Amino acid sequence: MLALRDIRKSFGKEEILKGISLEVKRGEVVSILGPSGSGKTTLLRCVNFLEKPDEGNVEIGDLRVDARKASKRQILGLRRRTAMVFQSYNLFANKTALENVMEGLVVVKKLPKDKARQKSLLLLEKVGLAEKADAYPAQLSGGQQQRVGIARALALDPEVILFDEPTSALDPERVGEVLDVIHAIAEGGATMIIVTHELQFARAISKRVVFMEGGRIVEEGTPQQIFHEPKEVRTKAFLQGRLPAWSYDI
């Protein structure tokens, strides 16, 4: 479904990603954990070339892109097959919730406005925000803004949804409402990669968990393997005593 082959990325003289390879199957939810500065977000952004890798290949379905030879058409192809949910929401401040969700459908998918509106209203209903369709971002809580961001991502019918710390900017009382929506989407069979610090949520929702440090994958496995039977000393040290500030039970 999705494959990253030997992805490398440097900023100046600092090598951030040191040859990352990862495969994600259709319908699989993969969570990426690790300390700050381990390269998690950079890796996620390399999937759709928001950060262009220096080396390596990105494959989604039958589309294979060599970072050193990537054309604009290929990069556009990657972006049309993926959708990103950002930690800082990235909504248009001058557009309503409905208009934010419609934007990609009208501009990217070239859908007529009436059809885009109909689909967007259904998606807002799916994330529990039908009554907020005409509200502007400034009138929404952080959790509501993030749910609009999720609806916007779903609108494009992506093959892979990328979540970059989707709860890190939220007040603690708003975390649960966003995680509930993500869980519901996962239950629907979506393919996801989630960079998160919500360890209990990652354990509950993931089919596979990846632990990164220093630009490399240290260990990966099922939630049972990583959280209860980690093999690597560094994984054990990272997890030891780390209790999430918010507990998520499914």
Q. Short version: ³J(HN,Hα) in whole Hz for each residue of the stretch 51-62, in order, from phi by Karplus 6.51 cos²θ - 1.76 cosθ + 1.60 (θ = phi - 60°), x for Gly and Pro, what are they?
A. 10, 7, x, 6, 8, x, 10, 10, 10, 10, x, 8
Q | Under Karplus coefficients 6.51, -1.76 and 1.60, residue-wise ³J(HN,Hα) of the stretch 219-225 in Hz, glycine/proline x | A | 7, 8, x, 5, x, 4, 5
**Q.** Centroid-to-centroid separation of the stretch 175-196 and the stretch 204-233 [C-alpha atoms, Å]
**A.** 19 Å
Q. Percent relative contact order of the stretch 18-82, based on C-alpha pairs within less than 8 angstrom and at least six residues apart?
A. 22 percent
Q) At each listed q (0.10, 0.17 Å⁻¹), what is the log10 of I(q)/I(0) that the Debye formula gives for the chain modelled as equal alpha-carbon point scatterers? A) -0.48, -1.33
Q. Distance in nm between label sites at residue 94 and residue 18, each 7 Å beyond Cα in the beta-carbon direction?
A. 4.6 nm
(Q) As a test question: what accessible area, to the nearest 10 Å², does residue 9 have when a 1.4 Å probe is rolled over all protein chains in place? (A) 20 Å²
**Q.** Largest-first principal axis extents, alpha carbons of the stretch 128-221, Å
**A.** 45, 28, 23
Q. Which pairs, out of 13/69; 9/69; 72/113; 95/119; 9/40; 25/236, put more than 19 Å between their alpha-carbon atoms?
A. 13/69; 72/113; 25/236
Q: Report, for the chain, the % of DSSP beta bridges that are antiparallel, rounded to 5.
A: 60 percent
Q | Amide H contacts of residue 15 (H built 1.01 Å from N, under 5 Å, at least 5 apart or other chain) | A | none
Q. Counting DSSP beta bridges in the stretch 137-250, what percent are antiparallel, to the nearest 5?
A. 55 percent
**Q.** Column: log10 I(q)/I(0), Debye, Cα scatterers of the stretch 170-250, q = 0.13, 0.15, 0.21, 0.23 Å⁻¹
**A.** -0.43, -0.57, -1.05, -1.19
Q: First compute the accessible area of the stretch 22-152 with a 1.4 Å probe, then give the percent of it belonging to carbon and sulfur atoms.
A: 47 percent
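The values are calculated or read from the model by the stated rules, or taken from the named source; none is laboratory data. Because the structure is a prediction, the values reported are computed rather than measured. Here the Cβ is made from the backbone with ideal geometry for all residues, glycine too, and neighbour counts use every protein chain on show. Note: areas computed on protein heavy atoms with side chains; ligands, DNA, RNA excluded. Shrake-Rupley method; radii C 1.70, N 1.55, O 1.52, S 1.80 Å.
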